[in-house]
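Below is one structure; the comments refer to it alone.
What follows is calculated from the coordinates using simple rules that are stated; it is not laboratory data. Predicted model, so just to flag it, every value in this text is computed and none were measured.
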Amino acid sequence: MHFGDEQTIDRLRSLRKKTMAVNEFMHPRNRYREKPNFQQLIQQFPELNEVASVDLAGKVKLDYRNRQAVHLLSKCLLQRDFGLMLELPPNKLVPTLPLRLNYIHWLEDIGSVAHWQGKEKVRGIDIGCGASCIYPLLAVVQSNHRWHMVAIEKAEDSLESAKANVTRNKLQDCIRVQPQQLAGNTILLDVLMKDFPDDRFDFCMCNPPFFDSNSNELKPNDRTGRRREPSNASSGSLDELCTEGGEVKFISQIIAESLELKDRVSVYTTMMGHKRSYQEILRLLKSKSIHNITVSRFCQGNTTRWAVGWTFDTNVPLSVVPNSLMATGGGVSSWPGNKKSPGNPVFYRIFTRNGVDSIQSAKQYVTSKLQAISIHVDTAGELSNAEDIVLKFTARENTWSHQRRKRRAALISSQETHPIRMANGNGTEQQCPVERNGSDAKKPRLEDGADQHGSSGTHEIDSTDDPYLTAALNLQRRKDGYYVALQYIAGIAGKDAVNQILQYLKNTIKAETTTDDDGKMLDAGTKCPSVE
């Protein structure tokens, strides 16, 4: 074999490894993490022979730069995997399934903390459903017809095609295709106010046009000159690809309208095609004081998309949506596009796997420690795999400050009640008196927390009061132990209070864990303190 051939093989192996690594970032429930077996697919759908080729090794391949091949593959996969029949008019956007499924699975994860599991009907809105109406179709089938969708669309030709696809699949009872006013200046507002004045929705979703119609730029900016050509064929009309001001302006309008609609939609979500757009939208949400948000990154092949969701409902702690918190499997340091997640949730290993027998025991311990300082705790969500529990807690006052000082004071008080006995030189013990310096002796300031924020005793939750702090706590079980992630949601206490509560939990655990033979404190979780 020639040296050049060896180099080629090494490059192919490297490329294959990179592709496999990228697929690992696909949503864990996405069935297309592994590529379809094209040989089996062609046996079931012989029409794929028209766009397939066979390499020297006998492997069947499809040219993804061929629009007809992508269209035909999507149609076959939809029919095989979801029982859906799809037809598209010429020059309309061809939906690739891995990306669409990533979005649907992310919405399912949001539903895990938004209590959708117990609802008989989950209602969603797809903003700009396009000619395929692919998201509503997938959402209904994936949820076993439990999700009901309103698909809104402005382009008349896409509107008719979307209706035809819904009718073709006999899903008119679950999907309503609703026209938007061509001359309208709103995205959601007019539709909800005029066509659904009394309705509330669990979520909205959006795959907006990525490009600015005024920039004449229909491909990503290549800053380095090394960007590879896209692996998929370009498809879609100008209306589907471009809008005035691009995706940032489009999503900014959705944010502005959400501030008016508030809880008419429980969770607002959108996808973005550019990383810079994602960063701008996060800054905009922060500037509007919208802190209860979740983010994700959709990876499929060589394509990456970003997603953001937000809510005004404090009962939906979006910051701990499982798939967003662990967007790339690496914790908060792996949030898409940032070294830290929006809002910087604080993260800490509370116990090792050997120290706790179950996630319920860890939950019981954490809950008891929060309740001990009069923090009201509710279970916001619990995943079916028992790996994640989401708690929402509310505080009416600062009861966590100076806890270390209070423990020290309690220890001093205990020593005064039970004086320390020390061995003397003749083998007997003598009592060691506690020194006092009269009225100048330092006394622990037990009253600090109570003076600043009222009594630190039990405080009943009054729904008419504005909470001092509302936050979310995600308890996760991993290979090396149990972790807590805390995220600020609302309240005048601000984000610093979340850090203070985490420190309180750390200090409490440290005070209750045993020490090793050298007197050094063991890692939290070496032994779980008993919980009554």
Problem - Amide H contacts under 5 Å for Ile350, placed H, 5+ residues apart - result: Tyr482, Tyr483, Val484
Exercise for the section: Would you kindly derive the ³J(HN,Hα) couplings of the stretch 128-134 from the backbone phi angles with the Karplus curve 6.51 cos²θ - 1.76 cosθ + 1.60 (θ = phi - 60°), listing them in order in whole Hz, with x for Gly and Pro? Expected result: x, 6, x, 5, 7, 6, 5
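For a 22 Å ceiling on Cα separation, which of these pairs sit above it: Lys262/Lys369; Lys369/Lys392; Lys35/Lys121; Lys249/Lys286; Lys154/Lys286; Lys75/Lys163?
Long pairs (Cα-Cα over 22 Å): Lys262/Lys369; Lys35/Lys121; Lys154/Lys286.
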Completion exercise
Along the stretch 34-39, Karplus-curve 3J(HN,Hα) (6.51, -1.76, 1.60; θ = phi - 60°) to the nearest Hz, with x for Gly and Pro, reads 10, 4, x, 7, 5, 4
Fill in the blank from the handout: Amide H proximity to Ile293 below 5 Å, modelled H, separation 5+ or other chain, gives Ser319
Exercise for the section: Step through the residues of the stretch 273-283 one at a time and calculate ³J(HN,Hα) from phi using the Karplus curve (6.51 cos²θ - 1.76 cosθ + 1.60, θ = phi - 60°), rounding each to whole Hz and writing x for Gly and Pro. Expected result: x, 10, 4, 5, 5, 4, 5, 5, 5, 4, 5
Handout entry: Under-5 Å amide H pairs with Leu188, H placed in peptide plane, nonlocal only
Key = none
